[in-house]
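Let me begin by presenting the structure, written as structure tokens, before commenting on it.
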Amino acid sequence: MPPALRKLILFVHVVTSVGFAGAVAAFLVLAVAGLDGMGSVYLALPLVTWWVIVPAAVASLVVGVVASLGTPWGLLKHYWVAIKLILTAVALVVLLLQTRTIGALAALAAAGAIGPASREGQNAMVLHSAGGLVVLLLAALLSTYKPRGLTGLRV
Amino acid sequence: MANAKPATGVPGWVKLIGAGLLVLLLLAAVMIALGHNPLAHMNHAAMPMPAGS
């Protein structure tokens, strides 16, 4: 891969990955505010999810795979790259599983019906966004320190 | 003479992350088995419907 293209792909990967983590951090703040009684914040969650978090997550994963395959690091050669792939994929799957609850909470907020019945969903928003943020920060930590360790695979 | 570190094998930090992910997976499985579903108590009539439906 030409160095200029490699740099561009790396740039897109860094921006989408950091954007993913940043947007999840913003989501967590909104989820905590909602749990604290500010029910109207749930109206914003589907917008943040579908217009920022999901696109950033998908782009981060896809561009990350392209970036790794286009460099000597490889996708599965080094443990830190392989673990990053697993962490990002897990975060994306959990995010997509949560989109139904996000939509349901927004609908309840629009109807002014946030209350005891929605409490479990509200708790799930805080729990999953906090967990997701930890996972994404761990991925960023691996990218920065690149701990040693070869898997023995050639891809 | 001190023993040299083995060059092969799964590094400790990989095992740690693997164990963490396994614990999260087990926790999720237990929560699902116990019937925890955030959507279960919500008013499904209030859920957004696809456009045109």
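The values are calculated or read from the model by the stated rules, or taken from the named source; none is laboratory data. Note that this is a predicted model, so its numbers are computed, not measured. Cβ sites come from the backbone with ideal geometry, for glycine too, and all protein chains shown count toward neighbours.
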(request) Kindly provide the set of residues from the stretch A:45-71 that are over 22 Å from A:Ala33 (Cβ atoms) and within 12 Å of chain B (Cβ to nearest Cβ), ordered by number. (result) none
(request) Please give the number of the condition A:Gly112 fails out of (1) within 11 Å of chain B (Cβ to nearest Cβ); (2) assigned to a helix (DSSP H, G or I). (result) (2)
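Within the stretch A:29-53, can you find the residues that are in a helix (DSSP H, G or I) and over 19 Å from A:Gly132 (Cα atoms)?
Selection gives A:Gly39, A:Ser40, A:Val41, A:Leu43.
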(request) Give just the number: which of (1) closer than 25 Å to A:Lys7 by Cβ; (2) small (Gly, Ala, Ser); (3) more than 11 Å from chain B (Cβ to nearest Cβ); (4) part of a helix (DSSP H, G or I) does A:Gly74 not satisfy? (result) (4)
(message) Tell me whether the stretch B:11-24 contains one or more residues that are within 8 Å of chain A (Cβ to nearest Cβ) and either on the phi > 0 side of the Ramachandran plot or at pLDDT below 85 (or both).
(response) no
(request) Answer yes if at least one residue in the stretch A:118-140 is closer than 25 Å to B:Leu22 by Cα and hydroxyl-bearing (Ser, Thr, Tyr), and no otherwise. (result) yes
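Among A:Ala33, A:Ala106, which is over 30 Å from A:Pro3 (Cβ atoms), away from every other protein chain (no Cβ under 13 Å) and small (Gly, Ala, Ser)?
A:Ala33
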(message) Residue under question is A:Leu45, and the condition is that it be within 25 Å of B:Met31 (Cβ to Cβ) and within 12 Å of the chain's Cα centre (by Cα); does it hold?
(response) no
(request) Among the numbered conditions (1) touching a residue at least 12 places away in the same chain (Cβ under 8 Å); (2) within 12 Å of chain B (Cβ to nearest Cβ); (3) buried (at least 16 other Cβ atoms within 10 Å of the Cβ), tell me where A:Glu120 comes up short. (result) (1)
(request) Search the stretch B:6-24 for residues that are loosely packed, with under 10 Cβ neighbours inside 10 Å and pair each with any residue that is modelled with pLDDT of 95 or more and acidic (Asp, Glu) when their beta-carbon atoms are under 9 Å apart and the residues are at least 6 apart or on different chains. (result) none
(request) For the stretch B:44-53, state whether one or more residues are touching a Ser or Thr at 6+ places or on another chain (Cβ under 8 Å), modelled with pLDDT under 70, surrounded by 12 or more Cβ atoms within 10 Å (Cβ to Cβ) and over 30 Å from A:Lys146 (Cβ atoms). (result) no
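Going by the structure shown, is A:Leu127 farther than 21 Å from A:Val12 by Cβ and either more than 8 Å from chain B (Cβ to nearest Cβ) or outside any helix (DSSP H, G or I) (or both)?
Spelling it out, A:Leu127 is indeed farther than 21 Å from A:Val12 by Cβ and either more than 8 Å from chain B (Cβ to nearest Cβ) or outside any helix (DSSP H, G or I) (or both).
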(request) Would you mind stating whether B:Pro6 is out of contact with any Phe, Trp or Tyr (no Cβ under 6 Å at 6 or more places or on another chain), assigned to a loop (DSSP other than H, G, I, E, B) and either within 20 Å of A:Trp80 (Cα to Cα) or at pLDDT 90 or above (or both)? (result) yes
(request) Search the stretch A:142-155 for residues being more than 10 Å from chain B (Cβ to nearest Cβ) and within 25 Å of the chain's Cα centre (by Cα), and hand back the single one that is nearest to A:Leu75 (Cα to Cα). (result) A:Val155
